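K.L.:
There's a structure below that I have some questions on.
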Amino acid sequence: MDGFPLKITEAVCLGTSLAISGICYYLYRKSRTTVDKLDDAPQLTVNRQLKHILKVTPGACLQYAVIEGTVQPVGEPLTSSYQKEIAGVLKKFMLREHRLVWNSLSHTWTDSERVVHQRVNVVPFMLVGPDDTSVRVLYPLQASGAHMEITHEKFHQVNYSLSDIVGQYLSGEKLKGQLETEEMLKVGATVTGVGELILDTDGTLCLRPPSNCSQYFLSIMDFDTLRANQASAAVWWKALAIGFALAGTAVLLWVGRRYYYHLKLRWEREQERMEFERLQAEAPRARSAITGLTDSTEDHIENACVICLSQPRNCILLDCGHVCCCYNCYQGLPRQQCPICRQSINRVVPLYHA
């Protein structure tokens, strides 16, 4: 693409769309793989038969299995800091600061959020089946899925003085307030666990993150809802990947169209140059014989090209009919417009001097 100018905006749009499309496709493949593994994972009931199943399994381990049970703490449970009657095994407290920030481009105030403080507490717990068979849950903080419920949420709004309001408009930031939330995995909640199921040497059943890098799940939703959410996420990532790929393709087609017209213009210029040279070759060559005069310095200066001022005017610009430049300067014009009247140039013919 020699001599073809690729605009920065086109290069940025093309690169960005293809990069985002690649990221979305990677996330789609990851989500799709998770859905396929969920479909292949055996759904087991937490009962006395579970130990017998693992005993006959090589290594006493199922790399990816689905179980469902009721949450029970191994020792003392955690208590909610705001509702003392609520007990749980996981507790997460988060304090977020909300601000309004002035956007000079859109001339609007946009909401901004920042985590000021976060605290997570966990106690050992297990999932208990209908016949009191239990499965110990290991590393619950590494699990994905919605496994905690909001037990407290409160927004502390800030009261402003006049000086605060003036300072906010000068700085471009307004503090709205702070939102404190507490989430807990409650004792007695029914949880779906998806991970690596093992039988420990002491006979304890354990659920832990899969060693084959599959996704580890703990969710208060049932398995069908969990699987449907993962499938929906895969569909969205696929749609985004296709959308950004189409956007990149559209940019590529636009650049290709411009390049085609660039080549077409070069070809037309070359054809015009060849036609101009042919007409010049067929022109009378005996100007001095007809007039009996030779070009003088005064005549040369009088008919000099208005652009380079060094070559004689040797072409007529049509349709305006101006004779103002040489053919070399005409070819160097950035736009196909007459230097005198700015009218579009449709054709160029040689000028004959007699």
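Read-outs: derived from the displayed coordinates by stated rules, not from any lab. Bear in mind the structure is a predicted one, so any value in this text is a computation, not a measurement. Here the Cβ is made from the backbone with ideal geometry for all residues, glycine too, and neighbour counts use every protein chain on show.
K.L.:
For the range 45-90, what's the relative contact order in percent, using C-alpha pairs closer than 8 Å and at least 6 residues apart? Before the final figure, lay out each step's value.
P.N.:
Values: 25 pairs, mean separation 12.2, N = 46.
Taking the mean separation of contacting Cα pairs over the length of the range 45-90, I get 27 percent.
K.L.:
Another question about this same structure. Helix 8-40 versus the longest principal axis of the chain: what is the Cα-based angle in degrees, 0 to 90, to the nearest 10?
P.N.:
It works out to around 30 degrees.
K.L.:
At 4 °C and 1.567 mPa s, grab the translational diffusion coefficient of the range 62-221 from Stokes-Einstein with a Kirkwood Rh over Cα pairs, rounded to a whole number in µm² per second.
P.N.:
Numbers: Rh = 18.3 Å.
It diffuses with D of about 71 µm²/s by this estimate.
K.L.:
Now for a separate question. Using only the Cα atoms of the chain, what are the Rg and Dmax in Å?
P.N.:
38.9, 124
K.L.:
Using each residue's phi in the range 195-200, evaluate 6.51 cos²θ - 1.76 cosθ + 1.60 at θ = phi - 60° and report the 3J(HN,Hα) Karplus result to the nearest Hz, with x for Gly and Pro.
P.N.:
Karplus values, whole Hz, x for Gly and Pro: x, 8, 9, 10, 10, 5.
K.L.:
Exceeding 19 Å between C-alpha atoms, which entries from my cross-link table qualify? They are LYS91/LYS154; LYS154/LYS176; LYS92/LYS174; LYS51/LYS186.
P.N.:
Values: LYS91/LYS154 16 Å; LYS154/LYS176 13 Å; LYS92/LYS174 27 Å; LYS51/LYS186 26 Å.
Table pairs above 19 Å Cα-Cα are LYS92/LYS174; LYS51/LYS186.
K.L.:
For LYS84, list the aspartates and glutamates whose Cα falls under 16 Å from its own Cα; do not include residues on the same chain fewer than 8 positions away.
P.N.:
GLU76, GLU149, GLU153, GLU182, GLU183
K.L.:
Restricting attention to the range 66-131, which GluC sites (Glu not before Pro) occupy a DSSP loop and are surrounded by at most 16 other Cβ atoms within 10 Å? Write down the numbers at each step before the final one.
P.N.:
Details: sites: GLU68, GLU85, GLU97, GLU113; in loops: GLU85.
Loop-located and lightly packed - GLU85.
K.L.:
Quick one: compute a quarter of the convex hull surface over the Cα atoms of the range 215-266 and quote it in nm².
P.N.:
Working: hull surface 18.5 nm².
Averaged projected area of the range 215-266's Cα convex hull equals 4.6 nm².
K.L.:
Measuring from centroid to centroid over Cα atoms, what is the spacing of the range 218-280 and the range 8-25 in Å?
P.N.:
A separation of 10 Å, based on Cα centres.
K.L.:
Over the range 52-122, with a single point scatterer placed on each C-alpha, what log10 of the ratio I(q)/I(0) does the Debye formula yield at q = 0.12, 0.13, 0.18, 0.24 1/Å?
P.N.:
The calculated log intensity ratios at q = 0.12, 0.13, 0.18, 0.24 Å⁻¹ are -0.68, -0.72, -0.88, -1.07.
K.L.:
Here's another thing I want to ask about it. Return TYR64, TYR26 ranked ascending by Cβ neighbour count within 10 Å, so the fewest neighbours appear first.
P.N.:
Values: TYR64 19, TYR26 12.
Starting with the residue having the fewest Cβ neighbours, the order is TYR26, TYR64.
K.L.:
Please give the helix 223-282 orientation as an angle from the longest Cα principal axis of the chain, in degrees from 0 to 90, rounded to the nearest 10.
P.N.:
Orientation of helix 223-282: about 10 degrees from the principal axis.
K.L.:
Further, regarding this structure: Per 5 Å bin, what percent of the C-alpha pairs of the range 141-192 does each bin hold, from zero upward?
P.N.:
Answer for the range 141-192: a P(r) of 4, 15, 16, 13, 10, 9, 9, 8, 8, 5, 2 percent.
K.L.:
Ok, one more. Could you tell me how far the Cα centroid of the range 304-333 sits from the Cα centroid of the range 158-176, in Å?
P.N.:
Comparing the Cα centres of the range 158-176 and the range 304-333, I get a distance of 65 Å.
K.L.:
I need the calculated FRET efficiency for the pair THR79 and THR204, taking r as the beta carbon distance and R₀ as 30 Å, to the nearest 0.05. Walk me through the intermediate numbers first.
P.N.:
Details: r = 26 Å, r/R0 = 0.88.
Once rounded, the FRET efficiency stands at 0.70.
K.L.:
Can you list the residues, at least 5 places off or on another chain, whose amide H is less than 5 Å from the amide H of SER144, using H built in the peptide plane?
P.N.:
TYR216, PHE217, LEU218
K.L.:
Pull out the extension gain between ASN328 and GLU97, defined as 0.36 nm times the separation in residues minus the alpha carbon to alpha carbon distance; nm, one decimal. Let's see the in-between values first.
P.N.:
Working: separation 231, 0.36 × 231 = 83.16 nm, distance 6.72 nm.
Here the answer is 76.4 nm.
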